[in-house]
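See below for the structure under consideration.
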Amino acid sequence: MRQRWRWLLSVGAVTAVGASLLAQGSVAVAGTTGVARPAAVARAGAAEQARAHRARGDAASARADAPAWKRVRKTLVPGMTGADVKKVQKRLKALKYYPGSIDGEFGPSMLEAVWAFKEVQGLRTRVNPDNIGTSMERRLAHPRAPRPVSSHHQNNRIDISLSHEYLVLYRHGKVKLISHVSTGGGYLYNCGGGSECQATTPNGNYRTDVYMSGWVTVPLGAMYNPVFFISTVYAIHGDTYVPRFPDSHGCVRVPMFIADFFHTLVATPGTEVFVYGKAQWMK
């Protein structure tokens, strides 16, 4: 089994070990484009109304693209197979949560799509987070569109919610993909030179920088098909372990099957990346 590397750098890590990594020629830290500034009070109400209007339009579009939902009327759990599972797969695929095969198998890729759907819909996941029951079925019938994480609504962008652990990829103003993610876990780790760093994913506005194919090794570990958005430090990348909770050193982990094709949907360099929200471990 491939050893899973936990290597993702936090802001503290960049500060603590940046000099040594630069000396090795492995990491070049670039400045970010900064964070969004609050709008003037006089424009706040209008901006909020515009966001609400766009959200309603996105939700209507999502429902229009998906067939009308008829309830399964039984709880589905991982490991199940059959027509009911296939029905949910088709619905999640139409809503851009599930890019996998419509095979009627409630396997890992479908489970991660279920997590993403629940995260966007604000459904409780503390009890039976893997199951598809009545509350999820109600949302499958009347899904909410993902709420933009910032006031910037570029047609081609990536939104990453630290509050709910999901990623939304927009192409030409429409949702192309929604994925569950695992971001900075908030724990302290040894980042070199006897220093401890906190595993955080920084809030802010960024742009994709470079894509590297396959497993890429850096002094602190390895990553799969990374799309970097802060130089070659922070990336959206595949990992063999993407739990429901924040667990990385600071990068944005996506499931391996998502990482297989994610880079093909993203213009690199140049796609805007918006990372916002309060990390779950801070709640």
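Every read-out reported here was derived from the displayed coordinates using simple, explicitly stated rules and does not represent laboratory data. All values reported here derive from a predicted model rather than from experimental measurement. Glycine gets a Cβ as well: all are built from the backbone with ideal geometry, and neighbour counts include every protein chain shown.
Worth pointing out:
- Share of Cα-Cα pairs in the stretch 128-230 lying beyond 24 Å, as whole percent: 41 percent
- Sorting the segments 78-85, 236-243 by their residues' average number of neighbouring beta-carbon atoms within 10 angstrom, most packed first, yields 236-243, 78-85.
- The stretch 67-141: relative contact order as a whole-number percent, Cα under 8 Å and 6+ apart: 39 percent
- Under 29 Å from the Cα of Lys87 - lysines, other chains or at least 8 residues apart: Lys70, Lys74, Lys96, Lys118, Lys174, Lys176
- For Val273, residues with placed amide H under 5 Å, excluding near neighbours: Ile158, Tyr206, Arg207, Thr208
- Geometric extent, Cα atoms of the stretch 67-141 - Rg, Dmax (angstrom): 10.8, 29
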